[in-house]
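For reference, the structure discussed in these notes is given below.
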Amino acid sequence: MKALWIALANLRRMFRVRTNIFFVFVFPMVLILVLGATFGGSSSPRLGVVTTGSGPLGAALLRQFEQTPHLQVVTVSDPATLLTQVERGNMAAGVIIPPGYDAAVRAGHDAMLRYLARPDQSSQRLGETVRGAVARQAALLGAARFAVAQHAVPSFGAGLSEAARISPAVPAVSVTQTAAGTTLFSRTLGQFDEGAWTELLLFLFLTAMTGSVALIETRRLGLSRRMLATPTSPATVITGETLGRVLISSVQALVIILGSALLFGVNWGQPAGVAAVVIVFALVAAGAGVFVGTLFRNEQQAIGISLLLGLGLGALGGCMVPLEVFTPTPQAWGNDAFAKLVGHGASIAGILPQLGVLAAYAAVLLALAAWRLRRVLSA
């Protein structure tokens with residue numbers, strides 16, 4: 001019972017500092033919103049197209065772009081405006097169909113299309129999509145010219161109309177994409193899902209690590225000695241301090257999980273599996289936080305190391321970089337567990353390996369924390 005009161009005292013102390021409420025509860029929700037709005041989901045790139053004076057064939061090419069799946073086409077008035085929009089990032093890329101495009105093509109001359117894009121991978125991929133749409137129109141134009149050359153039609157216009165009529169009957173080449181093995185994330189993953197669980201793990205660990213400052217403050221103010229002066233054993237104090245950090249992490253996790261589900265529609269998967277990951281990871285974070293709190297004598301040293309370890313391990317474990325760059329940190333195993341729960345609808349039985357590794361981390365860190373804290377209290 002005394003250990004529980006010590007844990008509740010730690011929770012009340014955390015709530016007394018108003019900045020803690022922001023960084024523990026509000027800031028993670030803001031980051032989930034920002035990450036989901038910026039990187040989440042499968043948004044369609046915006047392609048700007050200038051068709052001024054390009055004639056009917058230019059309009060037909062514009063329709064070809066508009067019929068391309070997963071592409072948002074925006075008509076722009078002039079090349080200068082399009083260049084500005086691409087430079088500012090308002091458009092992923094742009095295509096300029098030159099004036100006189102229709103007349104040049106019908107006369108058998110070459111017509112140069114301009115593609116504007118920033119030098120990044122997404123623009124290069126979009127360029128392949130644009131080339132595919134242009135190639136489809138080029139195939140019709142080539143067929144029309146061939147028909148005229150073979151005297152099968154009286155004019156280029158008639159050949160183009162005939163090619164457009166019979167082109168749907170030509171067998172198309174289809175490409176089927178399959179994944180070898182099991183994909184890391186499901187195609188039905190929500191826009192905010194991945195950002196929600198990565199920020200949950202990141203801030204659970206950060207909060208527990210920075211909580212080491214409270215442990216140092218407890219020792220500096222002599223609260224630990226006063227507790228031991230009462231009929232309270234060191235084991236009770238150690239249990240209470242550890243349980244306090246687990247309690248703080250549990251409350252933080254509950255707010256983030258419920259808040260992201262209500263505000264952003266995050267589907268967390270099986271509740272039992274989510275609860276198991278949160279509890280075991282909270283034990284890992286509590287052990288690390290208490291252990292760091294026993295290594296230093298002042299708050300400044302502890303807060304610097306806590307932030308370095310919290311952010312560093314979070315980055316290496318998939319909270320800031322793709323999980324494919326897998327480093328065996330507790331955050332990586334937690335991310336892997338949530339990827340199965342949220343991304344593939346796994347049950348608690350499907351994440352037993354991840355829970356086992358996290359439990360091993362928790363056992364080692366809690367043992368080290370208890371050993372160090374007992375030595376500090378007896379000194």
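The values are calculated or read from the model by the stated rules, or taken from the named source; none is laboratory data. Values in this document were obtained by computation on a predicted structure and should not be read as measured data. Glycine also receives a Cβ, built like all others from the backbone with ideal geometry; neighbour counts cover every protein chain displayed. With ligands, DNA and RNA removed, areas are computed over all heavy atoms of the protein, side chains included. Shrake-Rupley method; radii C 1.70, N 1.55, O 1.52, S 1.80 Å.
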Assess whether Ile216 counts as being touching an Asp or Glu at 6+ places or on another chain (Cβ under 6 Å) and either open to solvent by less than 20 Å² (accessible area, probe 1.4 Å) or in a helix (DSSP H, G or I) (or both). yes
If a residue must be β-branched (Val, Ile, Thr), under 47 Å from the mean Cα position of the chain (by Cα) and surrounded by 13 or more Cβ atoms within 10 Å (Cβ to Cβ), how many such residues does region 136-170 contain? 0
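Quick test for you: out of Thr327, Thr294, pick the one residue that is in contact (Cβ under 8 Å) with a residue 60 or more places away in the chain, open to solvent by less than 50 Å² (accessible area, probe 1.4 Å), over 21 Å from Phe25 (Cβ atoms) and polar (S, T, N, Q).
Going through Thr327, Thr294 in turn, just one is in contact (Cβ under 8 Å) with a residue 60 or more places away in the chain, open to solvent by less than 50 Å² (accessible area, probe 1.4 Å), over 21 Å from Phe25 (Cβ atoms) and polar (S, T, N, Q): Thr294.
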Name the single residue, out of those in region 89-106 being open to solvent by 20 Å² or more (accessible area, probe 1.4 Å) and small (Gly, Ala, Ser), that is farthest from Phe156 (Cα to Cα). Gly89
Looking only at residues that are among the basic types (Lys, Arg) and either surrounded by 15 or more Cβ atoms within 10 Å (Cβ to Cβ) or on the phi > 0 side of the Ramachandran plot (or both) in region 1-31, which one is modelled with the lowest pLDDT? Lys2
Going residue by residue through region 304-314, is there one that turns out to be within 26 Å of Pro271 (Cβ to Cβ) and open to solvent by less than 40 Å² (accessible area, probe 1.4 Å)? yes
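Go over the candidates Phe25, Phe65 one by one and state the one that is aromatic (Phe, Trp, Tyr), in contact with a helix residue (DSSP H, G or I) (Cβ under 7 Å, 6 or more places away or on another chain), farther than 30 Å from Gly259 by Cα and not in a loop (DSSP other than H, G, I, E, B).
The conditions single out Phe65.
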Within region 119-126, identify whether any single residue is under 30 Å from Ile256 (Cβ atoms), part of a loop (DSSP other than H, G, I, E, B) and open to solvent by less than 80 Å² (accessible area, probe 1.4 Å), and answer yes or no. no
